[in-house]
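Step one of this worksheet: look at the structure below.
The values are calculated or read from the model by the stated rules, or taken from the named source; none is laboratory data. Because the structure is predicted, anything quoted here is derived from the model rather than measured. Ideal geometry is used to build each Cβ from the backbone, glycine not excepted, and the neighbour counts take in all protein chains shown. Ligands, DNA and RNA are stripped out before the accessible areas are found, and what is left, the full protein with its side chains, is counted by its heavy atoms. Shrake-Rupley method; radii C 1.70, N 1.55, O 1.52, S 1.80 Å.
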Amino acid sequence: MFRFEDPIYFWLLLIIPFLVLIFFWSEHLRRSKLKKFGDRDLIRQLMPDRSRFRPLVKFCMLIVALALLIVMLARPQMGTHISHEKRNGIETMIAMDISNSMLAEDVMPSRLMKSKMLVENLIDHFTNDQIGLVVFAGEAYVQLPITTDYVSAKMFLQNINPSLIQTQGTDIADAINTCLHSFTPNDKVGKAIIVITDGEDHEGGAVEAAEQAKKQGINVFILGIGDPKGAPIPMGNGDYLKDRSGNTVMTKLNEQMCQELAQAGSGKYIHVDNTNDAEDELNEDLTKLQKGETDSVIYSDYNEQFQYVGILLLVVLVLELCILDRKNPLLKNITIFKRK
């Protein structure tokens, strides 16, 4: 398994666009000053040894060297030893609604962002438990298979947005069924499905799917997020989603549907608002589930890989030093294309 020990250093890559802007701005100023001295072709004749492209090549190589240095600081590592550990915990599949209605801002900063924050805090409370992620809208997909790799879980969580699924809608039944097929065969461990949604089930069959989960001994918790009074759906351009008649679409939390699903799945309905009460209540309920022995595959030893990046960095710097700003006197008389 490949990873970066200190990925926070990748923020330094933001320096590169500013350096590029400074370079091209300085080139623009240099050309403006040269124009004041006379005709461009005449100036080139006065500086026959100056190369037009080598400064740009040297700058690009320095940018590559800087990027490689930042990668070194992030400490790339490769897992070398796989170990199997026995842990006592539960298995939890989280199904997150990422339909457009989750962009509503009746819960700050938005329904979707609040959901991601809630799941991230939930992961922080896990120790020996396994977790998986399913995203759904008009269809449901496994975003992360069930695992104990909490770091990867958070990485996948950050990339979740409505554009992951082109088919719009809210198929809660498909989400629950996808979760059901994602658990391990271990029947001696407590299992839970956590569905985070605004409860607008557009496809039907969700209650039946929750009942099927109950038959398999899996608790279905429904986290209803949003305001029952409704809220508009922002489109990112300062406007809100409208229907064919030009009216603003209002998306409402369907608490009745959420409660029916929780009851059918032998779980619990929890309303998510701008407080942390939902998170605390969910953690308390999850601790009541039966903890069983799970087999976790982890990488216990990692080897540093920065030295290989360092070698590549040295090669780039040596090449940059070997390239002069002016033309090579041994090659300046060689021309590939002759002017008529």
Next item on the list: Restricting attention to segment 120-139, report how many residues are buried (at least 21 other Cβ atoms within 10 Å of the Cβ) and at pLDDT 90 or above.
Entry: 8
Next item on the list: Hey, can you tell me all the residues within segment 194-214 that are among the charged types (D, E, K, R) and farther than 20 Å from Asp285 by Cβ?
Entry: Asp198, Glu200, Asp201, Glu203, Glu208
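Restricted to segment 64-86, and to residues that are open to solvent by less than 20 Å² (accessible area, probe 1.4 Å) and out of contact with any Lys or Arg (no Cβ under 6 Å at 6 or more places or on another chain), which residue is modelled with the lowest pLDDT?
Filtering segment 64-86 down to residues open to solvent by less than 20 Å² (accessible area, probe 1.4 Å) leaves 65, 70, 74, 76-77, 79.
Going one step further and asking which of them are out of contact with any Lys or Arg (no Cβ under 6 Å at 6 or more places or on another chain), we end up with 65, 70, 74, 76, 79.
Working: Ala65: 94, Ile70: 94, Ala74: 90, Pro76: 87, Gly79: 63.
Out of the qualifying residues, it is Gly79.
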Check: Are any residues in segment 184-214 more than 24 Å from Lys291 (Cα to Cα), polar (S, T, N, Q) and modelled with pLDDT under 90, and if so, which ones?
Finding: none
Check: Of (1) open to solvent by 10 Å² or more (accessible area, probe 1.4 Å); (2) touching a strand residue (DSSP E or B) at 6+ places or on another chain (Cβ under 9 Å); (3) in contact (Cβ under 8 Å) with a residue 40 or more places away in the chain; (4) over 23 Å from Gly217 (Cα atoms), Asn186 satisfies all except one. Which?
Finding: (4)
Check: in contact (Cβ under 8 Å) with a residue 24 or more places away in the chain, out of contact with any helix residue (DSSP H, G or I) (no Cβ under 7 Å at 6 or more places or on another chain) and not acidic (Asp, Glu), is that true of Ser245?
Finding: no
Check: For segment 104-118, which residues satisfy the criterion of being open to solvent by 20 Å² or more (accessible area, probe 1.4 Å) and assigned to a loop (DSSP other than H, G, I, E, B)?
Finding: Glu105, Asp106, Met108, Pro109
Next item on the list: State yes or no: is Val142 modelled with pLDDT under 90, open to solvent by 40 Å² or more (accessible area, probe 1.4 Å) and among the β-branched types (Val, Ile, Thr)?
Entry: no
Note to self: When you check Ser101 against the structure, is it crowded, with 16+ Cβ neighbours inside 10 Å, in a helix (DSSP H, G or I), in contact with an Asp or Glu (Cβ under 7 Å, 6 or more places away or on another chain) and of a type outside the set (Phe, Trp, Tyr), yes or no?
What the structure shows: yes
Notebook entry, point to check: Taking interchain pairs and intrachain pairs at least six residues apart, which have beta carbon atoms under 9 angstrom, with the first residue in segment 158-182 and assigned to a helix (DSSP H, G or I) and the second among the hydroxyl-bearing types (Ser, Thr, Tyr) and open to solvent by less than 10 Å² (accessible area, probe 1.4 Å)?
Noted result: Pro162/Ser99; Ile172/Thr197; Ala175/Thr197
Notebook entry, point to check: Being among the hydroxyl-bearing types (Ser, Thr, Tyr) and modelled with pLDDT of 95 or more, is that true of even one residue in segment 95-108?
Noted result: no
